[in-house]
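Okay, structure first, notes after.
The values are calculated or read from the model by the stated rules, or taken from the named source; none is laboratory data. Here the structure is a predicted model, which means the values were calculated and not measured. In this analysis, Cβ positions are derived from the backbone assuming ideal geometry, glycine residues included, and neighbour counts consider all displayed protein chains.
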Amino acid sequence: MAQKTDELRRNSVSPAEVDATDRRILGALVADATQSYAELGAAVGLSAPAVHERVKRLRRQGVIKGTSVLIDPKAVGKALLAFVHVDTVGWGKSQALMSIADHPEVEEIHSVAGDTCMLLKVRSRDAQALEGLLGKLYDTPGVKATRSYVVLSSYLERPVQPQHTESWPEPHATMTREPAA
């Protein structure tokens, strides 16, 4: 007997469909990824097996990309945080420039729009170590200038949050135009 399968759910990975419950699970995992499924279930109002299945699905879909540890930078001797704007000849992303990622001081590399080509987030031991990294950048073919912004204090650093702000205030018009006479 032939079985009709048009309405059966397929097991293949589909684009991420993240609902409100998934967002609560993700938020709880961002706060503490070491929780057991029982603790996670209690926090979001589901059974441990239900949470486990949702977490497996979120991993399969690539919503959860991995699990990491947040390290106190000072504890590992990286007290200096800086953002480095890199100006290049032509398009910024080159194999030579991307090799800067081999240095553990470089935490993030972004191609950006605006008055610079690339933006680096760098944590180093001190100003001398940052200067060494900048020297390495200037030795990179295509790099023509850098601007460094050393962080004095950080008030908020956090990983990606699963929630969205539901509504933003409407921008206020600063000028109103009178109709032409």
Which of the following residues is outside any loop (DSSP other than H, G, I, E, B) and among the hydrophobic types (A, V, I, L, M, F, W, C): Val30, Val63?
-> Val30
For segment 117-143, how many residues meet the condition of being surrounded by 18 or more Cβ atoms within 10 Å (Cβ to Cβ) and among the hydroxyl-bearing types (Ser, Thr, Tyr)?
-> 1
Test each condition in (1) part of a loop (DSSP other than H, G, I, E, B); (2) surrounded by fewer than 10 Cβ atoms within 10 Å (Cβ to Cβ); (3) aliphatic (A, V, I, L, M) for Ala75 and report the one that comes out false.
-> (1)
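Yes/no per residue for (1) at pLDDT 95 or above; (2) within 23 Å of the chain's Cα centre (by Cα); (3) within 29 Å of Val106 (Cβ to Cβ); (4) not in a loop (DSSP other than H, G, I, E, B):
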| residue | (1), (2), (3), (4) |
| --- | --- |
| Val18 | no, yes, no, no |
| Leu26 | yes, yes, yes, yes |
| Ala38 | yes, no, no, yes |
| Gly41 | yes, no, no, yes |
| Ala50 | yes, no, no, yes |
| Arg54 | yes, yes, no, yes |
| Val69 | no, yes, yes, no |
| Ala82 | yes, yes, yes, yes |
Checked segment 82-103 for anything under 21 Å from Tyr149 (Cα atoms) and among the small types (Gly, Ala, Ser); matches are Ala82, Gly92, Ala101
Only residues that are outside any strand (DSSP E or B) and surrounded by 15 or more Cβ atoms within 10 Å (Cβ to Cβ): list them for segment 84-102, please.
-> Gly92, Ser94, Leu97, Ile100
